[in-house]
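A.B. asks: Please find one structure pasted underneath; my questions will follow.
FYI, it's all coordinate maths here, none of it is from the lab. Predicted model only: the values in this text are computed from it and were never measured. Quick reminder, even Gly has a Cβ in these numbers, built from the backbone with ideal geometry, and neighbours come from all protein chains shown.
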Amino acid sequence: MAPRVLITGGAAGIGRAIAERFAEDGAQLAICDADPAAVAAFQADFSDALAVVADVTDEAQMGAFLAQVETTWDGVDVVCANAGTGGPAGAIETLDYQAWQDCVATSVHGAFLTCRWAARVMKGQGAGLITLTSSTAGLFGYPMRAPYAAAKWAIVGLMKTLAMELGPHGIRVNAICPGAVEGPRMDRVVAKEAAAHGLSEAQVRDLYVRGVSLRTWVTAQDVANSIHFLASPSGRKISGQSLAIDGHTETLAP
């Protein structure tokens with residue numbers, strides 16, 4: 001049977017790459033995303049998918065999306081709690097409280113709402129895979145990016161706890177920790193960090209590359225391939241892990 005795959009933040013970037021990878025297997029797809037234009041573009045390309053505009057921090061919106069998934073399918077095989085935001089960049093004393101809250105809410109509260117539903121459904125079927133998108137910032141400290149690092153460390157803690165809670169029910173839970181991922185989102189991060197540090201964007205990019213053993217950024221497809229592996233029979237015994245897809249980060253830039 002084709003896998004049933006749910007992805008939050010699924011209309012663009014890493015989320016869309018995950019959808020595209022599973023679509024190669026004929027997977028049934030359900031995605032939500034806060035960007036209406038991205039959702040419309042996704043639906044145009046994946047006409048059989050369930051694609052909904054929803055804010056992962058809004059319990060009512062997420063409840064409606066997840067209820068629709070549950071009435072459409074009779075279960076779910078893979079749930080990717082992927083939605084997140086880069087958050088503000090700057091010294092802690094300069095950061096806006098609302099910007100902090102928004103960053104943490106999207107990653108952490110969104111993951112909570114997604115995983116709460118997934119745990120109930122997967123317990124009923126006695127199997128499933130949950131992945132939570134963290135970051136190499138969830139494995140290191142990250143100067144000038146306190147909200148983002150705090151949120152991504154929280155994701156790792158949530159993953160470890162859920163792996164323990166849900167393992168006896170045949171449910172695997174892992175965190176995916178991408179490094180710098182090529183694309184528009186990382187372009188925006190570089191611009192923020194360049195401004196925060198008084199550097200050029202080219203200098204920030206060079207610092208990122210030199211902080212990675214393989215001297216390269218990763219792609220969204222690299223991340224999607226790793227999740228696809230975890231969902232395959234080859235990944236059936238992997239749970240409770242923080243899987244870094246980053247070319248081996250030695251230090252976080254700048």
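A.B. asks: Can you give me the relative contact order of the chain as a percent, contacts being Cα pairs under 8 Å and 6 or more apart? Please report the intermediate quantities before stating the final value.
C.D. replies: Details: 495 pairs, mean separation 47.9, N = 254.
It comes to 19 percent, rounded to a whole number.
A.B. asks: If I stretch the segment between Ala67 and His248 completely, what's the gain in nm (0.36 nm per residue apart, minus their alpha carbon distance), one decimal?
C.D. replies: Numbers: separation 181, 0.36 × 181 = 65.16 nm, distance 3.93 nm.
Result: 61.2 nm gained on full extension.
A.B. asks: Whole angstrom only: what separates the Cα centroid of the range 131-153 from the Cα centroid of the range 204-254?
C.D. replies: 14
A.B. asks: Using the Kirkwood radius over C-alpha pairs as Rh, can you work out the diffusion coefficient of the range 4-245 via Stokes-Einstein at 4 °C, viscosity 1.567 mPa s, in µm² per second? Could you put the intermediate results ahead of the total?
C.D. replies: On the way: Rh = 18.1 Å.
Stokes-Einstein gives a translational diffusion coefficient of 72 µm²/s.
A.B. asks: Also, quick follow-up: Loop-only check: which GluC sites (Glu not before Pro) in the range 22-86 are DSSP coil with at most 14 other Cβ within 10 angstrom?
C.D. replies: Sparse-neighbourhood loop GluC sites (Glu not before Pro): Glu24.
A.B. asks: May I pose another question? List the residues, sorted by chain then number, that are 5 or more residues from Arg145 or on another chain and whose placed amide H is less than 5 Å from its amide H.
C.D. replies: It is Gly90, by chain and number.
A.B. asks: While we're here: Using just the helices of the chain, give the 222 nm mean residue ellipticity in deg cm²/dmol: DSSP H runs with n ≥ 4 each add -39,500 (n - 2.57), and the total is spread over all residues, rounded to 500.
C.D. replies: -14500 deg cm²/dmol
A.B. asks: List the residues, sorted by chain then number, that are 5 or more residues from Ala244 or on another chain and whose placed amide H is less than 5 Å from its amide H.
C.D. replies: Sorted by chain and number, the residues that satisfy this are Cys177.
A.B. asks: Would you kindly state how much longer the chain becomes between Arg210 and His169 on full extension, computed as 0.36 nm times their sequence separation minus their alpha carbon distance, in nm to one decimal? Write down the numbers at each step before the final one.
C.D. replies: Values: separation 41, 0.36 × 41 = 14.76 nm, distance 4.28 nm.
So the chain would gain 10.5 nm between Arg210 and His169.
A.B. asks: Another question, if that's okay. Could you line up Phe42, Phe65, Phe112 from fewest to most neighbouring Cβ atoms inside 10 Å? Each step should come with its number before you reach the end.
C.D. replies: Values: Phe42 22, Phe65 26, Phe112 18.
With the fewest neighbours first, Phe42, Phe65, Phe112 line up as Phe112, Phe42, Phe65.
A.B. asks: Under 5 Å between amide H atoms, partner at least 5 residues away or on a different chain: which partners does Asp58 have, H built in plane at 1.01 Å?
C.D. replies: Placed amide hydrogens put nothing under 5 Å from Asp58.
A.B. asks: Tilt of helix 36-45 relative to the longest C-alpha principal axis of the chain, in degrees (0 to 90, nearest 10)?
C.D. replies: Approximately 50 degrees, to the nearest ten.
A.B. asks: Take the Cα pairs of the range 120-247, get the Kirkwood Rh, then feed it into Stokes-Einstein at 4 °C and 1.567 mPa s and tell me D in µm²/s. All intermediate terms of the calculation are to be shown ahead of the outcome.
C.D. replies: Values: Rh = 15.8 Å.
Stokes-Einstein gives a translational diffusion coefficient of 82 µm²/s.
A.B. asks: What lysines could a cross-link reach from Lys160, if we take a straight Cα to Cα line under 21 Å and drop same-chain neighbours fewer than 8 places away?
C.D. replies: Partners within reach: Lys123, Lys152, Lys237.
A.B. asks: So if I place +1 on the C-beta of Lys and Arg and -1 on the C-beta of Asp and Glu, and nothing else carries charge, what would the dipole magnitude of the chain be about its Cα centre? I want it in debye, nearest 20. Could the numbers behind the result be given before it?
C.D. replies: Numbers: 18 positive and 25 negative charges, 154 e Å.
Around 740 debye, computed over the chain.
A.B. asks: Going Cα to Cα from Lys192, which aspartates and glutamates come in below 19 Å? Please leave out same-chain ones fewer than 8 positions away.
C.D. replies: Glu93, Asp96, Asp102, Glu182, Glu201, Asp206
A.B. asks: Pop the C-beta distance of Gln98 and Phe229 into the FRET formula with R0 = 30 Å and round what comes out to the nearest 0.05.
C.D. replies: On the way: r = 38 Å, r/R0 = 1.27.
Result of the calculation: an efficiency of 0.20.
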